[in-house]
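One structure is given here, and the rest of the page talks about it.
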Amino acid sequence: MNAKNVLVSAFFISLLGCATTPVPTDSAREVSSTKIINSTFLEYKDGLGQVIIKRDKGLSASACNSRVYANGSPVADIAPGEKVTFYLPEGQQMLAAKSAGICIGGLVETVALVHRTTPAVFRISYGSSGEFSIHPTAF
């Protein structure tokens, strides 16, 4: 193995130990329209509740987008520091995220309890051991 390969490998291994950090909802950038996969989720209708999914910032997996799903349907691809705001029927809904590109992390899922009066806020993160997750957040 040459020195260049060793350096590249060491760089990627070092990223595995870097946990991402939460981004306050009002500081996260709204995902661009070019990364929206299904715009019907962006349309508010009576009886729907707001869902916000944001992606932590940090070096870990910063080269990859994460694809966001609602009840098995793709919604958007988001990068670190971005968020996507969309609407789902009230009640229990399934949310998922999948890492894209060369980054580690398979499909992760969580349940969202959606209400008309209170946004359901979730974050996509990478832990210090490289684990990929989506979960409710107060940040």
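For the stretch 18-51, give me the residue count where each residue is modelled with pLDDT under 95 and open to solvent by less than 60 Å² (accessible area, probe 1.4 Å).
The qualifying residues number 7.
Where the second residue is hydroxyl-bearing (Ser, Thr, Tyr) and the first is farther than 11 Å from Asn38 by Cα and lies in the stretch 65-80, which pairs have Cβ atoms under 6 Å and are six or more apart or on separate chains?
Ser66/Ser99; Ile78/Ser66; Pro80/Ser62
Does Ala96 satisfy the criteria of being in contact with a Phe, Trp or Tyr (Cβ under 7 Å, 6 or more places away or on another chain), assigned to a strand (DSSP E or B) and closer than 21 Å to Val23 by Cα?
Yes, satisfied.
Among all residue pairs at least 6 apart or on different chains, which show Cβ distances below 8 Å where the first residue, located in the stretch 119-131, is over 18 Å from Gln92 (Cα atoms) and the second is outside any strand (DSSP E or B) and of a type in the set (Asp, Glu)?
Ile124/Asp56; Ser125/Asp56; Tyr126/Asp56
All but one of (1) modelled with pLDDT under 95; (2) among the charged types (D, E, K, R); (3) under 18 Å from Val108 (Cβ atoms) hold for Lys54; state the number of the condition that does not hold.
Failed condition: (1).
Output the residue which, of all residues in the stretch 117-139 that are aromatic (Phe, Trp, Tyr), over 26 Å from Gly47 (Cβ atoms) and not in a loop (DSSP other than H, G, I, E, B), is least open to solvent (accessible area, probe 1.4 Å).
Tyr126
Return the total of residues in the stretch 37-62 being assigned to a strand (DSSP E or B) and within 13 Å of the chain's Cα centre (by Cα).
6
Inspect all residues belonging to the stretch 109-116 and state whether any of them is touching a residue at least 24 places away in the same chain (Cβ under 8 Å), open to solvent by less than 30 Å² (accessible area, probe 1.4 Å), out of contact with any helix residue (DSSP H, G or I) (no Cβ under 8 Å at 6 or more places or on another chain) and not in a strand (DSSP E or B).
No, that holds for no residue.
I need a count of the residues in the stretch 64-97 that are of a type outside the set (S, T, N, Q), open to solvent by 20 Å² or more (accessible area, probe 1.4 Å) and more than 16 Å from Val31 (Cα to Cα).
Number of matching residues: 5.
The values are calculated or read from the model by the stated rules, or taken from the named source; none is laboratory data. Nothing here was measured: the structure is a model prediction, and the numbers come from that model. Note: ideal-geometry Cβ built from the backbone for every residue, glycine included; neighbour counts use all protein chains shown. Just the protein is used for accessible areas: all its heavy atoms, side chains included, with ligands, DNA and RNA removed. Shrake-Rupley method; radii C 1.70, N 1.55, O 1.52, S 1.80 Å.
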